[in-house]
Amino acid sequence: MYFSEYFKVNKQKVREYGAIDINLVCDLPLFIDPMLIFNSEKPEYKELHEQIIKYFHFLAQKSVSGFTDGELRTYFNFSEIKNNWLGYSKTGNAGNGNGKAFSVFFAQNIRFALQTHNISAGIHFEKALLLFDGNGRDKISDLTTHLILDYLAQYTQAFAIKNIDDKYLGKFFLESNFNYQTESFVSTEYILPYIINDKGNPEFILLTPKDILRKEEPTINKKDFERRYDDIRNIIDNSAIRSQLNNYIAKAVSEYEKACQAEQKKPKASEITKIEKRSFMEALSFIPELYDYYVKLKEAEKTFVIDEAFNETIEQLDKFYTASQSLIHLFHSHIHERATGLSAREESKQRIKWYKHIIEDCDGYKNLYYNNLPIATEDDLQRLFRFVWYGTDFDVNYETNNGRGESDIKVSFGAKDKNIIEFKLASNPRLSHIFDQVKVYENANQCSDSLYVIFYFSQEEYFKVKKMIADTHMGSKIDDSIFLVDCREDNKTSASRI
C-alpha cells in the first residue's frame with residue numbers, strides 16, 4: 001500500500017530523507033506550493049525558484065509575438081505528472097490535468113505574473129491565479145512539478161539507488177530539462193523505482209520532499225486575496241496609491257450614507273464593510289499594484305506560512321496513515337462474509353454495512369478524530385471507504401462526472417448494472433439537498449435507487465438528520481437506501497466494560 005512497504009524500505013529511512021511515504025493505492029491530498037520553495041533557506045530550493053522564474057521570463061519574451069497552438073502545447077504542457085501520487089484521485093493516481101484552457105489563460109497572463117511594480121521582494125508566477133476563476137491548487141502544483149521534475153527525479157534516484165533493491169528499479173527517460181538554445185524540453189535518463197500499473201506497463205515513482213507540501217490552498221490564492229483586502233490596504237506604503245484607493249472607497253461609502261440619510265435610515269456597519277470590499281475589488285482595474293501588495297503581505301508572513309503548511313501536512317499524514325493502518329487491521333480482523341451473484345446495489349449495501357460495523361462496533365470511530373476533534377471530511381471518509389472494497393469484482397469509481405456534477409462513488413458491473421453511493425456529513429449545510437442532488441446524478445448515469453450514507457458526530461447532528469429524513473418522508477428508507485453512521489465518541493462503551 002505504501003511506498004516503504006512496496007519497495008521493502010524502512011519507513012524511518014523515508015522520513016529521515018525528508019520525503020513523503022506516499023500511498024500507491026490512491027493519491028494523498030497534498031500539493032506542492034511554490035511559495036514554500038521561495039521561502040526556504042536551502043540553496044537547492046533557491047536555485048529551483050530561480051530556474052522556474054527563468055523559464056517564465058523566457059515565456060514572457062515569447063509572448064510578445066503571441067503563441068501558436070504548437071507553442072502552447074510545447075511550452076505550456078503542464079498536464080499532471082501523476083507519478084508523485086499527490087492530488088485528488090481516490091482511485092489510482094490519474095487526475096484531470098490542466099488542459100488547454102489553463103494553458104491559454106497562463107499564456108495570456110505571463111507578463112502580469114512577472115510584473116512586481118518593485119513592490120514584492122520576489123517574482124511569483126502563481127500570482128496569475130489571482131485572475132483565474134476556479135480552484136488553482138492542483139493546477140499550480142502540476143505546473144510546479146513539471147518545472148522541478150529534474151530535481152524530483154534526482155531526489156528520488158539518490159534515495160532509490162542507496163536504499164532500494166535493484167530488482168525494483170528501472171531506467172526511465174523524462175523530458176525534465178529545458179534547453180534555451182533549442183527552445184525545447186530534452187530527455188534525461190534516471191534510475192527510478194517503479195510499479196506495474198493496471199495496464200501491465202512499468203510506471204516510475206517520484207518522491208516529494210515534505211517541506212514543499214501543504215494541504216490547503218497555495219499561499220497566494222484568490223480566496224485569501226479577497227478576504228485580506230483590509231490587510232492589504234494597511235500595508236500600502238505609497239502615499240499616492242493609498243490616497244487613490246482610500247478616496248475611491250470613501251466615495252462609495254459616502255454615497256451609501258447619503259442614501260440612508262435620504263431614506264432616514266441608520267447606516268449598517270455590515271453594509272459598509274461590503275461596500276468597502278466591493279470598492280477595493282473594483283479598484284483593481286485601475287490600481288494593479290494592489291495585487292503586488294498582497295504578494296508582499298504573504299512574503300512578510302514567511303514564518304507563519306511555513307508553520308501553517310507544516311501543520312497541514314502533518315495533520316493530513318497523521319490522519320491518513322494512522323486511520324488507514326488501523327482500519328485495515330480492523331477490516332482484516334473482522335472478516336466480511338461475501339455473498340456472490342449480487343447486484344451493484346446489493347453489493348454496495350453489504351460494503352456500507354461492513355464499513356458502518358467497523359466504525360460503530362469495532363472502535364473504527366477512533367480513527368475519525370485528531371487531537372480530540374472530528375477530522376473526517378466527506379473526502380476523508382470516501383478515501384477510507386476504499387478499504388472495504390478489497391477483493392470485489394465490481395468497478396468502483398470515485399467522483400465520476402457524467403456532465404451534471406460529480407457523484408461521490410459509482411459502483412458498476414458492466415454497462416447496465418450501476419449504483420451510486422453519496423456520502424454526506426450531517427454537519428453539511430446543504431444536507432437537505434442530498435436527495436435532489438443524487439437524482440441528477442442518477443439521470444446522468446442512467447441508474448436509480450441510489451444509496452445515501454450520512455455520518456454524524458454529535459447528538460445534535462443526529463437529531464438534525466432525523467428531522468431532515470422525517471421532513472422528506474424518507475423514514476422507511478433507513479437501513480435500506482439510507483444508512484446513518486454513528487461516529488460519536490461520547491456514547492461508546494469499551495467491550496471490556498459491557
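The values are calculated or read from the model by the stated rules, or taken from the named source; none is laboratory data. Bear in mind the structure is a predicted one, so any value in this text is a computation, not a measurement. Cβ coordinates were reconstructed from backbone atoms using ideal geometry, including for glycine residues, and neighbour counts include every protein chain displayed. Remember, those area values only see protein heavy atoms, side chains included, never the ligands or the DNA or RNA. Shrake-Rupley method; radii C 1.70, N 1.55, O 1.52, S 1.80 Å.
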- request: Sort through Phe413, Phe435, Phe455 and tell me the only one that's over 25 Å from Asp393 (Cα atoms), modelled with pLDDT under 85 and either among the aromatic types (Phe, Trp, Tyr) or over 26 Å from the mean Cα position of the chain (by Cα) (or both).
  value: Phe435
message: Against the definition (modelled with pLDDT under 95 and open to solvent by less than 70 Å² (accessible area, probe 1.4 Å)), how does Pro267 come out, yes or no?
response: yes
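Rundown of residues vs (1) part of a loop (DSSP other than H, G, I, E, B); (2) at pLDDT 80 or above; (3) closer than 16 Å to Met1 by Cβ, yes/no style:
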{"site": "Leu317", "(1), (2), (3)": "no, yes, yes"}
{"site": "Phe320", "(1), (2), (3)": "no, no, yes"}
{"site": "Leu330", "(1), (2), (3)": "no, no, yes"}
{"site": "Glu347", "(1), (2), (3)": "no, yes, no"}
{"site": "Arg351", "(1), (2), (3)": "no, yes, no"}
{"site": "Trp354", "(1), (2), (3)": "no, yes, no"}
{"site": "Lys366", "(1), (2), (3)": "no, yes, no"}
query: Condition test on Leu143, is it open to solvent by less than 30 Å² (accessible area, probe 1.4 Å), assigned to a strand (DSSP E or B), in contact (Cβ under 8 Å) with a residue 24 or more places away in the chain and closer than 26 Å to Val104 by Cβ?
result: no
query: Can you name the condition, by its number, that Ala113 falls short on among (1) part of a loop (DSSP other than H, G, I, E, B); (2) modelled with pLDDT of 90 or more; (3) among the hydrophobic types (A, V, I, L, M, F, W, C)?
result: (1)
- line: Out of (1) more than 28 Å from the chain's Cα centre (by Cα); (2) in a helix (DSSP H, G or I); (3) of a type in the set (Lys, Arg), the one Lys296 does not meet is (1)
Residues (open to solvent by 30 Å² or more (accessible area, probe 1.4 Å), small (Gly, Ala, Ser) and touching a residue at least 24 places away in the same chain (Cβ under 8 Å)) located in the stretch 57-81: Ser79
field: Filtered residues of the stretch 188-198 (kept if assigned to a strand (DSSP E or B) and under 18 Å from Lys82 (Cα atoms))
entry: Tyr190, Ile191, Leu192, Pro193, Tyr194, Ile195, Ile196
query: Going by the conditions given, is Lys222 under 24 Å from the mean Cα position of the chain (by Cα), basic (Lys, Arg), within 30 Å of Tyr248 (Cβ to Cβ) and modelled with pLDDT under 95?
result: yes
task: Please list, ordered by first then second residue, the pairs with beta carbon atoms under 6 Å, 6 or more apart or interchain, first in the stretch 387-398 and among the acidic types (Asp, Glu), second open to solvent by less than 30 Å² (accessible area, probe 1.4 Å).
output: Asp395/Ser412
- prompt: Quick one: would you say Ala158 is open to solvent by 40 Å² or more (accessible area, probe 1.4 Å) and assigned to a helix (DSSP H, G or I)?
  reply: yes
- request: Quickly run through the stretch 231-254 and pick out the residues that are charged (D, E, K, R) and either more than 22 Å from Glu271 (Cα to Cα) or touching a Lys or Arg at 6+ places or on another chain (Cβ under 8 Å) (or both).
  value: Arg233, Asp237, Arg242
- request: From the list Tyr229, Tyr294, pick out the single residue that is surrounded by 16 or more Cβ atoms within 10 Å (Cβ to Cβ) and in contact with an Asp or Glu (Cβ under 8 Å, 6 or more places away or on another chain).
  value: Tyr229
- prompt: With Lys274, Lys266 as the choices, which residue is in a helix (DSSP H, G or I), among the basic types (Lys, Arg) and without any contact (Cβ under 8 Å) to a residue 24 or more places away in the chain?
  reply: Lys274
